[in-house]
Amino acid sequence: MKAMNIVRGAFFLLCIVFVSMFCLETYSYAVSAKDIDAGVEVSLKALRDIKGGGDVINKAKGLLIFPGVFKAGIGIGGEYGEGALRIHGKTVDYYSTAAASIGFQLGGEKKTIIIAFMTDEALKNFRDSQGWKIGADASVAVVTLGAGAEISSAVANKPIIGFVFGQKGLMYDLSLNGAKVTKLQR
């Protein structure tokens, strides 16, 4: 009985988080631009340290970097993170990413997501969109990075490449499909 009340309480709390996350996503002030930029630098260094990562960074027309995307779920799950779009090494805009999921899931995790726009057209299409949804508005080749990782040249030739790494937690989901990316006012 006590365990059931804990599960109900956790589910109720998760529902409140979802409503807050999706209704207030464009008004999020939790992370400052300075904090996002500091996390972006750390994330870029991690990508540079992977064989082939420096080449992707140098060749990309733009990089959308989310240094901390948090995901939690108990049957119903959600994730949220804030990041920056870098063009020619400079931050030009700030964005949030959010996604919801239903299915067997229990736990939470933190991951870093970097989306590399390898062509001018892919970057333009992203910047011209009013809320960009991965999988619906663009196909992203996802590369999962772990110990001893290497980026293959076959993947580096795709117009949009998504990197997911630094997973910390008990949940392991590397899909980016369905994630919505929204421009933030900073």
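In sequence order, the range 47-53 has phi-based couplings of 5, 4, 6, 8, 4, x, x Hz under the Karplus curve 6.51 cos²θ - 1.76 cosθ + 1.60, θ = phi - 60°, and Gly or Pro positions carry x.
Report note on the peptides 40-48, 57-65: ranked by the mean count of other C-beta atoms within 10 Å, highest first, their order is 57-65, 40-48. Computed 3J(HN,Hα) for the range 126-132, one whole-Hz value per residue from the Karplus formula 6.51 cos²θ - 1.76 cosθ + 1.60 where θ = phi - 60°, is 5, 5, 7, 6, 10, x, 9, glycine and proline marked x. Proximity of backbone amide H atoms, modeled 1.01 Å from N, is registered between ASP93 and LEU85 at under 5 Å, excluding neighbours fewer than 5 places apart on the same chain.
Values in this text are rule-based calculations from the coordinates and carry no lab data. As the structure is a computational prediction, the values presented were derived from the model and not from experiment. As a convention, Cβ positions derive from the backbone with ideal geometry for all residues, glycine included, and neighbour counts pool all protein chains shown.
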